[in-house]
Structures are given as C-alpha cells and as structure tokens.
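**Q** Sharing a structure with you now.
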Amino acid sequence: MDRGDYSPAVQQKIVYAGANNGSFDKARQDLAELAELDVGAKQVERLCRRIGAERCAERDESVRVYQHKPLVERKRAPEGVPAPAVVAVSVDGGRLQIWERTEQAAVACPLSPSETTDEPESKGSHWREDKIGLLMTLQSEVSASDPCPEIPETFVDPTRILKLARELKKQPALGEDSVRDSGEPETAQEALQDHPKWAPPEVLEKRMLGSRCPWPEFGPKLAQAAWSAGFYEAPRQAFVADGSDNNWTIWREHFSSFVGVLDFIHALSYVFAAAVAGRKFTEGWAGYVQWITWIWQGQVEQVVAALATRQVELGLPTEAESETSPRQIVARALGYLQNHKERMRYPEYRRQGLPITSSYVESTVKQFNRRVKGTEKFWTEAGAEAVLQLRADYLSDDKPLLRFWERRQNSESGQRRYRRVA
C-alpha cells in the first residue's frame, strides 16, 4: 500500500517477528521457516525502525494534544470511555546498551544498525536505562476491615526470604533503588496469590509503555495513556512503585490523586538487611520477623523507632565508611522508611482491594529486556526507541497495533513515502 517492497499483510508479519524475537537475525530465520518469506535481517530491522518510528510519532502527537487540554479535562475520562472500577499504575527501569556510531560513520551509513555484535572496547559505559510503564485495570472488593491482618508465612520463612533478598540484589553494597533486574519478581505475587484467606486484586487488562526518553518526558506519556483509558475517573486508584525518586516525582506531578503505595517487597528488603546487619543470623532473624510483622500491619513508626535505637547502639556512619558496614545499612533503612512511611499503610490498601507490590511491573521489565537487553546487543537511540514502542504495543492487551495497521492502510495514497536504502 505504501509502494514499498512488501504488502501490508507481509509487513505485519515482519514487524511482529522483529519485535518479538531475540534478534533481527532470529526473526529472519523464523520468517523463512514459518512464513516461507525470504527477508534479510537488515530488511527486518529497517521495517521495524520505520513502523516503530511511526508509532512513536503517533504517541508523541497524542501526548502533545493531551498536554494542551485544560487541567479539568485532563482529569476526566475521554468522551465515550467508561472509567474502570479499580486501576493501578506502576513504573520501573530496565537496562539496555546504547552505542551511537561516530558522526562520520553516520553520514556514510545513515541507517546504522540498531543491533550489532561488534563490541566496543569499553562495554561498561554503554549501559543505559529504559523507562517502563504499566497500566492495569483490576477487579477486587472493598472489605470492612483488613482481610489479611496476619503476615503470610512466606514472608517469615528464612529460606525464602534469603532467596528473595538475593533476587532483588539488595545486598548491603546497594543504596537507593537503582537500575537492576529482579531475578524472580513474580515470587512475591505468587506468595500472595497462594494465601488461603486473601488474594490480591485480579488483573483484567494491562497496557504498557516503553521509552528511552528522560524521566521528565516519560511522566506525560504515562499520564496520557492513563487518561485515554479513563483512569482518572476510576473510583479506586493506586500508584505502586519502589522507592526511586524518579517514580515518586511522576506520582507527584501526574498521579497525586492516586493512592501512593510503596512496594512491600522493597520495604522488606531494607528491613531484612538492617535486622541482620552486625548481628548473628539467629538474633537478626528474630528482629526481622518482629519488624516485618509491624510493617505488614501498618505499624511503621514502631520499626522506625527500633531502627533509631539500633542506630544509637551502632553509632552514626562516617563519610569514609564502607557502604557495607552495619551502621551504613541501618542508616539507609531508617532513611528509607522515614521517607516512605506515608505510602506504607498496607492494611488500608488491602481493605480497599489495592495491590501492594510492584511485581507486575518488574515482570513487565523482564519482558522488555528479553528483546532489548544483552551483553552482545547494542542499539542506537532511534533503534531502541522504535523497538521499545513496538514491544509495548505487542505486550498490551488492547492491541494498539491492530488499529494502527488499519489507520495506516486507510491513509495511504499509493505514493512512496520512504526512500529505499540499498
């Protein structure tokens, strides 16, 4: 339809393979084996970049229009869009490697590879953060009281907690939440799903965003997506995230009407690290069980007081002190809980039928990472942005690419819009 090399139906197959396989070359192999299409890896890449760029342009135009609406209109559901009963918004960061070619190379090869197996001399400097957003419609009931006042056994099982702490990579050397991958982010959610007396909200639909844009630009994109789905008029709303300042800046600027919920598992990891710091495990474990039970029951102030007492026992950390020292670990945990205690009213969140963990968005990050992350994968900024957008489209339950292909075919004039690159 656009006078390109492939029909619209074939283009859809190529883009699907390119966005959902581990590499463009693997997409080429699958297209040859499953669809009997002889398409080179470079052709798959170019088409994914083209279609992804078109989707990014649509997204950015929608954000521009949304930002020019009056504030009162931005806080309402769009005409004809019913407001869901329960919604949750979460954000997190993933990882990928960006390697831009030199200006001279870019002139010689304007469509430089989004992926390459040529590793630069210094790989460590190429890791960058991508931003991932998750919007969920949920189903749950409001209870008269906390439906689960007793902490699930999973969270006071030493074997599972040690494993969970390792998966979250919350070793003492780490400070505030940073770019990382949780080994098994589903663990916490599975523990809650298996609880005999209480189950977290049921997920009805997921919509996803992925971008390499700066955090201040990601907030409006997430807000526009929430507005278009009617989230701002939902009777029950939650914004669930770990303790990163970037996450809570987005909450303050775009979702302040939503109930802010600090991910329970990240709070658990800080409490566990502080409880066992500078103590024999048996003694530290007893302290952890008491503290995490208080956290589960919403008695955060008691944990803060206990941490403050422990800090006095150990003394304040010095500037030159190692981050792995017990004093540093306790100080970080104390600051973390003090900064986020207003977002840790877990009994009330359970009573309202709201989620209390960010495991859903952490699982979403893993789904993006399967396509874009790898020690052998290097992307240009344009290539990464295009594939992140396509990946978000394919992972979203509302299937936005189906509507995009229909719009694209209806708008084509039959004239070539893209320069063919040899």
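**Q** If you check every pair at least six apart or on different chains, which have Cβ atoms under 7 Å apart with a residue in the stretch 70-89 that is under 20 Å from Ser140 (Cβ atoms) and loosely packed, with under 14 Cβ neighbours inside 10 Å first and a residue that is modelled with pLDDT of 95 or more and not acidic (Asp, Glu) second?
**A** Qualifying pairs under 7 Å: Pro82/Gly230.
**Q** Determine if the stretch 342-360 includes at least one residue that is closer than 21 Å to Val261 by Cα, in contact with an Asp or Glu (Cβ under 8 Å, 6 or more places away or on another chain), at pLDDT 95 or above and aliphatic (A, V, I, L, M).
**A** Looking through the stretch 342-360, at least one residue is closer than 21 Å to Val261 by Cα, in contact with an Asp or Glu (Cβ under 8 Å, 6 or more places away or on another chain), at pLDDT 95 or above and aliphatic (A, V, I, L, M).
**Q** Of the residues Val39, Val10, which single one is within 25 Å of Lys373 (Cβ to Cβ) and in contact (Cβ under 8 Å) with a residue 24 or more places away in the chain?
**A** On the way: Val10 fails: within 25 Å of Lys373 (Cβ to Cβ).
Residue meeting the stated conditions: Val39.
**Q** Residues of the stretch 84-107 being at pLDDT below 95 and more than 18 Å from Trp215 (Cβ to Cβ), which ones?
**A** Listed by number, the residues that qualify are Gln97, Trp99, Glu100, Arg101, Thr102, Glu103, Gln104, Ala105, Ala106, Val107.
**Q** Suppose the filter is within 25 Å of Gly210 (Cα to Cα) and either in contact with a Cys (Cβ under 9 Å, 6 or more places away or on another chain) or not in a loop (DSSP other than H, G, I, E, B) (or both); does Lys13 pass it? Steps first, answer last, please.
**A** Details: within 25 Å of Gly210 (Cα to Cα): yes; either in contact with a Cys (Cβ under 9 Å, 6 or more places away or on another chain) or not in a loop (DSSP other than H, G, I, E, B) (or both): yes.
Yes.
**Q** Quick one: Gly40 ticks every box in (1) of a type in the set (Gly, Ala, Ser); (2) within 26 Å of the chain's Cα centre (by Cα); (3) loosely packed, with under 14 Cβ neighbours inside 10 Å bar one, so which box is it?
**A** (2)
**Q** For the structure I just gave you, tell me whether Ser211 is small (Gly, Ala, Ser), free of Cβ contacts under 8 Å to residues at least 12 places away in the same chain and over 23 Å from Glu141 (Cβ atoms).
**A** On the way: small (Gly, Ala, Ser): yes; free of Cβ contacts under 8 Å to residues at least 12 places away in the same chain: no; over 23 Å from Glu141 (Cβ atoms): yes.
No, not satisfied.
**Q** Please work out if Trp296 is farther than 27 Å from Ala77 by Cβ, modelled with pLDDT of 95 or more and crowded, with 18+ Cβ neighbours inside 10 Å. Steps first, please.
**A** Working: farther than 27 Å from Ala77 by Cβ: yes; modelled with pLDDT of 95 or more: yes; crowded, with 18+ Cβ neighbours inside 10 Å: yes.
The answer is yes for Trp296.
**Q** Could you count how many residues in the stretch 240-285 are assigned to a helix (DSSP H, G or I) and touching a strand residue (DSSP E or B) at 6+ places or on another chain (Cβ under 8 Å)? Break it down into steps so the answer makes sense when it comes.
**A** Keep residues of the stretch 240-285 that are assigned to a helix (DSSP H, G or I), which gives 245-254, 264-276, 281-285.
Keeping just the survivors that are touching a strand residue (DSSP E or B) at 6+ places or on another chain (Cβ under 8 Å) gives 246-248, 250-251.
Going through the stretch 240-285 one residue at a time, the tally reaches 5.
**Q** Within the stretch 200-238, take every residue that is assigned to a loop (DSSP other than H, G, I, E, B) and of a type outside the set (D, E, K, R) and give me the one that is nearest to Tyr394 (Cα to Cα).
**A** Taking the stretch 200-238 and keeping what is assigned to a loop (DSSP other than H, G, I, E, B), we get 200-201, 212-214, 229-230, 234-235.
Checking the rest, the ones that are also of a type outside the set (D, E, K, R) come to 200-201, 213-214, 229-230, 234-235.
Working: Pro200: 26, Pro201: 24, Cys213: 20, Pro214: 23, Ala229: 17, Gly230: 21, Ala234: 25, Pro235: 28 Å.
Checked the stretch 200-238; the qualifying residue nearest to Tyr394 (Cα to Cα) is Ala229.
**Q** Right, something else. Report whether or not Ile329 is part of a loop (DSSP other than H, G, I, E, B) and either of a type in the set (Val, Ile, Thr) or in contact with a Leu (Cβ under 6 Å, 6 or more places away or on another chain) (or both).
**A** Values: part of a loop (DSSP other than H, G, I, E, B): no; either of a type in the set (Val, Ile, Thr) or in contact with a Leu (Cβ under 6 Å, 6 or more places away or on another chain) (or both): yes.
The answer is no for Ile329.
**Q** Assess whether Thr159 counts as being farther than 30 Å from Arg327 by Cα, of a type in the set (Ser, Thr, Tyr), surrounded by fewer than 14 Cβ atoms within 10 Å (Cβ to Cβ) and at pLDDT below 95.
**A** no
**Q** Out of the stretch 391-413, which residues are among the aliphatic types (A, V, I, L, M) and closer than 16 Å to Pro8 by Cα? Explain how you work it out, then say what you get.
**A** Here is the first cut: in the stretch 391-413, the ones among the aliphatic types (A, V, I, L, M) are 392, 395, 401-402.
If the condition is that a residue be among the aliphatic types (A, V, I, L, M) and closer than 16 Å to Pro8 by Cα, then Leu401, Leu402 are the ones that fit.
**Q** Something else about it: Look at Val72 and say whether it is more than 17 Å from Leu388 (Cα to Cα) and touching a strand residue (DSSP E or B) at 6+ places or on another chain (Cβ under 7 Å). Reasoning before the result, please.
**A** Details: more than 17 Å from Leu388 (Cα to Cα): yes; touching a strand residue (DSSP E or B) at 6+ places or on another chain (Cβ under 7 Å): no.
When the stated conditions are applied, Val72 does not pass them.
**Q** Moving on. I'd like to check something: does the stretch 61-74 contain any residue that is in a helix (DSSP H, G or I), farther than 21 Å from Glu205 by Cα, of a type in the set (Lys, Arg) and in contact with a Phe, Trp or Tyr (Cβ under 8 Å, 6 or more places away or on another chain)?
**A** The answer is yes; a qualifying residue exists.
**Q** Return a yes/no flag: does the stretch 303-324 have any residue that is in contact with a helix residue (DSSP H, G or I) (Cβ under 9 Å, 6 or more places away or on another chain), surrounded by 15 or more Cβ atoms within 10 Å (Cβ to Cβ), of a type in the set (Asp, Glu) and in contact (Cβ under 8 Å) with a residue 12 or more places away in the chain.
**A** No, there is no match, as no residue in the stretch 303-324 is in contact with a helix residue (DSSP H, G or I) (Cβ under 9 Å, 6 or more places away or on another chain), surrounded by 15 or more Cβ atoms within 10 Å (Cβ to Cβ), of a type in the set (Asp, Glu) and in contact (Cβ under 8 Å) with a residue 12 or more places away in the chain.
The values are calculated or read from the model by the stated rules, or taken from the named source; none is laboratory data. Given the structure is predicted, the values throughout are model-derived calculations rather than measurements. Here Cβ is always computed from backbone atoms with ideal geometry, including for glycine, and neighbour counts include all displayed protein chains.
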